[in-house]
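Nothing in this text is a laboratory measurement; each read-out follows from the coordinates by a stated rule. Just so it is clear, the structure is predicted and the values come from calculations on it, not from any experiment. Cβ atoms come from the backbone with ideal geometry, glycine included; neighbour counts cover every protein chain shown.
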């Protein structure tokens, strides 16, 4: 019997990392292929990739029978000078999500490396002041999203950000308000940093209403670790792979979801960049079929 999990996908599974880039698939083709691959839910992706004007968005989604789960804000939350930008982006994305009937706002701390080149641009660990600022800003954004748009904030631990390793995520959970902030738990990023996504999910499922599903190629990961290859280059090498082909035991993960009676969201989010326009669609279709075969959605 299939779990009562709402399965969707995201633009990054089609190689979309930026609001616009000539290497990225046009958004109308992305939406067509989401439907063709068997999904009815999608994230908005980088703000501006899908049009944020609610009327334009609705005109593109409704004829295709698509619904939106979330959009994200990805900024350096430890930098107080960025608050005007963070606030404006939250309002822009939140307005679109509210009109579309979405439930979540997703937050990601911006990377300390350049997303395209992998060059390190900031320290990899925050000092006490920076960490406190990050926690305070996430609370501030989450309060705005709740009070103004009725959205639940899910924070996404992410490789090469200041909340990436399991010990950092544990502290983040301890220092954030559980009534205000939950996790978007990306099991691929967790495995990339050698965390145990199965045991972490079992421990913290009450704070996890939203999942990102992908796996990690163990041979590429070993090379990445040995040669200290940055995330941007690792992604281009194919570090994140289909759930059926990587190091994460998806059947065991599915069993945990069954044990805890998980009824949240599971979004296929296989980071690819760059990707040829014809590459993502077959992967997306195979992944949706694999999830059905193991009883997820």
When restricted to 209, 230, 243, the only residue more than 29 Å from residue 293 (Cα to Cα) and in contact with a strand residue (DSSP E or B) (Cβ under 9 Å, 6 or more places away or on another chain) is 230
Considering only residues of the stretch 111-125 that are in contact with a helix residue (DSSP H, G or I) (Cβ under 8 Å, 6 or more places away or on another chain) and over 19 Å from residue 165 (Cβ atoms), which is surrounded by the fewest Cβ atoms within 10 Å (Cβ to Cβ)?
-> 117
Select from the stretch 67-99 the residues that are assigned to a helix (DSSP H, G or I) and buried (at least 19 other Cβ atoms within 10 Å of the Cβ) and list them in ascending order.
-> 86, 89, 90, 93, 94, 96, 97
Of the residues that sit in the stretch 175-195 and are in contact with a strand residue (DSSP E or B) (Cβ under 7 Å, 6 or more places away or on another chain) and not in a strand (DSSP E or B), which one is nearest to residue 3 (Cα to Cα)?
-> 187
Of all the residues that make up the stretch 34-52, how many are over 23 Å from residue 110 (Cβ atoms) and either touching a strand residue (DSSP E or B) at 6+ places or on another chain (Cβ under 7 Å) or crowded, with 21+ Cβ neighbours inside 10 Å (or both)?
-> 5
Before we move on, is residue 263 within 19 Å of the chain's Cα centre (by Cα) and surrounded by fewer than 14 Cβ atoms within 10 Å (Cβ to Cβ)?
-> yes
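Yes or no, residue by residue, for (1) in contact with a strand residue (DSSP E or B) (Cβ under 8 Å, 6 or more places away or on another chain); (2) more than 24 Å from residue 8 (Cα to Cα):
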residue	(1), (2)
156	yes, no
159	no, no
173	yes, yes
197	yes, no
216	yes, no
219	no, yes
238	no, no
Any hit, the stretch 224-232, residues being assigned to a loop (DSSP other than H, G, I, E, B) and within 15 Å of residue 15 (Cβ to Cβ) | no
